[in-house]
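The values are calculated or read from the model by the stated rules, or taken from the named source; none is laboratory data. These numbers were taken from a predicted model, which means no experiment stands behind them. Backbone-built Cβ (ideal geometry, glycine too); neighbour counts: all protein chains shown.
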Amino acid sequence: MNEPQPKAMKFTNTVSAASAILGFIVIIMSFFVSGIQTEYLLFSGIGVIVSSVFVYLFGLVLGLMENAAHESSRSLSTAKKRATPSH
């Protein structure tokens with residue numbers, strides 16, 4: 001776990017954090033807006049937060065797939081080295 005994160009993982013974490021903060025700001029703004037716009041802003045803020053969770057989970061899945069592919073290629077190269085007879 002001490003390995004540095006890939007750039008794609010850092011990017012998705014940054015984007016999801018920024019959009020979650022934006023969603024919270026929109027939700028807080030919806031409490032101070034009068035009229036029919038209150039519900040629109042509230043549900044827009046909730047939608048932004050939910051979409052940021054999906055972006056974060058998508059980035060997490062991509063990172064896990066990248067890590068699994070890297071580990072499998074590493075184990076395949078180790079298996080090939082063991083399989084070749086050394087004379």
Condition test on VAL26, is it at pLDDT 80 or above and touching a Leu at 6+ places or on another chain (Cβ under 7 Å)? yes
Anything in the stretch 51-63 that is loosely packed, with under 13 Cβ neighbours inside 10 Å and more than 16 Å from LYS7 (Cβ to Cβ)? List them, or say none. PHE54, LEU57, VAL61
Counting just the residues of the stretch 23-45 that are assigned to a helix (DSSP H, G or I) and more than 27 Å from the chain's Cα centre (by Cα), which one comes out nearest to VAL55 (Cα to Cα)? GLU39
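Let's see how each residue does on (1) under 12 Å from ALA8 (Cβ atoms); (2) at pLDDT below 90; (3) in a helix (DSSP H, G or I):
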residue	(1), (2), (3)
VAL48	no, no, yes
VAL53	no, no, yes
ASN67	yes, yes, yes
SER72	no, yes, yes
THR78	no, yes, yes
LYS81	no, yes, yes
